[in-house]
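K.L.:
I am attaching a structure below and will ask some questions about it afterwards.
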Amino acid sequence: MRVVDGRRPAPNPRGYGAARAEAVERPHRICCHSTPAGRTRERSLARLLRPGRTTLHGTVRRSIAARSAPEPKQAVTPTPPSVKQTPPKATQHPPAGRLNGLLEGLSDSDSDSRSTAPPAATVTPGVQSSLAAEVRRQLKPHWQPPSGADVEQLKTVLRINLARDGSVTSINFVTTTGINASNRTQADLHRERAIKAVRLASPFNLPPQYYDGWKSMTVNFDLRLSL
């Protein structure tokens, strides 16, 4: 029989289970034994039944549950596909003004027209010398130098430009050399007759394939040209 506060308790009509529940509600009044060992067990039981006290089994269960719980997976955001942008094409505007009329006749296709000029041939130094001799030959019939003292010492140099048909386009006076006191009065006449000879010989008859060699020539007018 248990002793509570030094008194023998009355029989509990609710039975052993109800008495145990009542003892749990008032742990500080429970006394298992009057011995020191009994009082030690009484204090241990009171600490275990203290409100808010966590038992060892509950702690182990929560630790195991926390370890076995699966980690939450991070949501993967899908990467949107890249869209390749095509740069807009530049709008071509037709040229205005004078260029509009000039470009209307241009085309990428081959034209049916063909140039009538013969293909150009290579002008070597020998060919150039032959062309100069031919020009002097055609000038010789039209060259009449003036007469007088020391006139044979005069020499007039002209630069002539010719078209493809041999006609003279321009005559440029370069110089007159060999002038002295005796022939000074004949120097101007010498120049004028040299220019006249070029005009009378025009157009010159020269090979068209060597036009690059005779389109511009320098001619010397002196006594030797008339011999």
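K.L.:
So how many residues does segment 114-128 have that are within 20 Å of Val168 (Cα to Cα) and modelled with pLDDT of 85 or more?
P.N.:
Total meeting the criteria: 1.
K.L.:
Going through segment 197-218 one residue at a time, which ones are in contact with a Lys or Arg (Cβ under 7 Å, 6 or more places away or on another chain) and within 23 Å of Gln153 (Cα to Cα)?
P.N.:
Thr218
K.L.:
Given the criterion in contact (Cβ under 8 Å) with a residue 12 or more places away in the chain and of a type in the set (Ser, Thr, Tyr), identify the matching residue among Thr122, Thr156. Give the derivation first.
P.N.:
Numbers: Thr122 fails: in contact (Cβ under 8 Å) with a residue 12 or more places away in the chain.
Unique residue meeting the criteria: Thr156.
K.L.:
Go over the candidates Leu162, Leu154, Leu206 one by one and state the one that is crowded, with 16+ Cβ neighbours inside 10 Å, in the same structural domain as Phe221 (by TED's automatic domain parsing) and under 17 Å from Leu223 (Cβ atoms).
P.N.:
Just one listed residue meets the conditions, Leu154.
K.L.:
Kindly provide the set of residues from segment 132-150 that are farther than 16 Å from Ala197 by Cα and modelled with pLDDT of 95 or more, ordered by number.
P.N.:
The answer is none; no residue qualifies.
The values are calculated or read from the model by the stated rules, or taken from the named source; none is laboratory data. Just so you know, these numbers come straight off a predicted model, no measurement behind them. Cβ atoms come from the backbone with ideal geometry, glycine included; neighbour counts cover every protein chain shown.
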